[in-house]
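Below is one structure, written out as structure tokens; comments come after it.
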Amino acid sequence: MVAETPAIETRQLTKVYPGFWKSQQVAALTNLNLTVRRGEIFGLLGPNGSGKTTTIKILLGLINPTAGEALVMGQPGGDQDTRRRIGYLPEESYLYRFLNARQTLDFYARLFNMNRTQRRQAVDYYLDFVGLDPQVRSRRIGPYSKGQTRRVALAQALLNNPDLVIMDEPTSGLDPVGMLEIKNMILRLKQAGKTVLLSSHQLADVEDVCDRLVILYRGKVELEGALSDLLEVKDVFQLEGRNIDAALQERLLTLAREAGAIELKTGRPRVRLEDLFKRLVESKRRGEAAAAGR
Ligand SMILES: Nc1ncnc2c1ncn2[C@@H]1O[C@H](COP(=O)(O)OP(=O)(O)O)[C@@H](O)[C@H]1O
Ligand SMILES: [Mg+2]
């Protein structure tokens with residue numbers, strides 16, 4: 001069987017932004033080789049200025065590479081038919097302040113030539129998917145919070161039911177709960193069989209969702225691999241459990257020492273402050289929802 005073409009493939013992709021003087025040129029990407037398989041969540045990570053947005057813009061055909069190749073589902077970036085199968089969440093979304101969420105999505109649905117019935121269905125389906133509060137859907141977008149605006153922009157990116165979803169810094173500016181919700185949405189996109197390319201400069205944002213990732217630094221790949229491989233400390237074994245009293249702890253330690261284990265450490269696990277915060281807010285929200293339902 002012929003292997004399926006990757007969702008994204010770049011070969012020796014290079015971008016130099018011109019400057020008036022040669023010394024002002026910026027090498028934003030240098031010989032970038034990426035392969036994103038279909039159906040996976042791929043993280044494009046790196047600090048600000050490392051070339052993430054440049055990579056995405058080339059994949060979308062918004063800018064041309066200086067050298068090298070960028071293929072999306074086997075076609076050069078910017079190919080018209082391929083563009084229709086991509087959903088794009090830009091780093092900054094510019095939405096019309098005076099339209100409400102429904103009108104905004106309806107406007108884009110028209111561009112995809114959907115009829116009235118299809119539009120109404122798609123608009124509500126995707127606003128549900130991104131979890132935009134039904135109460136604000138008919139209010140104009142101007143005063144929306146950052147999280148609400150991000151949701152509308154994401155719904156817009158999904159409106160044409162794309163196979164590949166490209167998100168540039170999807171969690172930037174969101175609070176931890178908003179971040180968690182975006183992560184859950186990304187996992188649901190994967191469950192629906194979609195490929196997701198996601199860029200971020202905040203590793204914790206994407207740590208739980210990526211199957212594989214690269215870390216860029218000044219336009220070059222510094223690290224790449226499967227998330228589980230990169231983060232697992234391979235030569236350390238951990239044991240965790242309940243009902244382990246002091247006597248049992250001592251026995252386990254003695255056994256381990258006698259068997260030659262070294263650098264033994266014991267202690268109690270800690271939760272991350274982020275998780276503690278999320279649990280708190282979620283239980284508050286559930287309480288409010290239950291009270292409102294009564
Ligand atoms: N239009 C442009 N003209 C000149 N330099 C640019 C342009 N866009 C980006 N750059 C530079 O290219 C480098 C990579 O930028 P970018 O791809 O936006 O990084 P990231 O998205 O990882 O923050 C940065 O040094 C940035 O200043
Ligand atoms: Mg960027």
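Would you point out the residue of the stretch 220-254, among those that are surrounded by 13 or more Cβ atoms within 10 Å (Cβ to Cβ) and part of a strand (DSSP E or B), that is farthest from ligand 1 (Cβ to nearest atom)? Only one residue tops the list, namely 226. Residues in the stretch 184-202 that are within 21 Å of residue 92 (Cβ to Cβ) and either part of a strand (DSSP E or B) or at pLDDT below 90 (or both): 196, 197, 198, 199, 200, 201, 202. One residue stands out among those in the stretch 202-219 that are within 18 Å of residue 54 (Cα to Cα) and surrounded by fewer than 16 Cβ atoms within 10 Å (Cβ to Cβ): the one that is farthest from ligand 1 (Cβ to nearest atom), which is 202.
Can you pull out every residue in the stretch 158-173 that is of a type outside the set (S, T, N, Q) and within 16 Å of ligand 2 (Cβ to nearest atom)? Within the stretch 158-173, 166, 167, 168, 169, 170, 173 qualify. Only one of the listed residues (143, 162) is in a loop (DSSP other than H, G, I, E, B) and surrounded by 14 or more Cβ atoms within 10 Å (Cβ to Cβ). That residue is 162. Looking at the structure I just gave you, is residue 151 more than 17 Å from the chain's Cα centre (by Cα), at negative phi and part of a helix (DSSP H, G or I)? No; evaluated as a whole, the condition is false for this residue. In the condition set (1) surrounded by 18 or more Cβ atoms within 10 Å (Cβ to Cβ); (2) under 22 Å from the mean Cα position of the chain (by Cα), residue 114 is compliant with all but (2). All conditions in (1) touching a Leu at 6+ places or on another chain (Cβ under 8 Å); (2) of a type in the set (D, E, K, R); (3) in contact (Cβ under 8 Å) with a residue 12 or more places away in the chain hold for residue 257, with the sole exception of (3).
The values are calculated or read from the model by the stated rules, or taken from the named source; none is laboratory data. None of these values were measured; they are calculated from a predicted model. Positions of Cβ are backbone-derived with ideal geometry, glycine not excepted, and every protein chain shown enters the neighbour counts.
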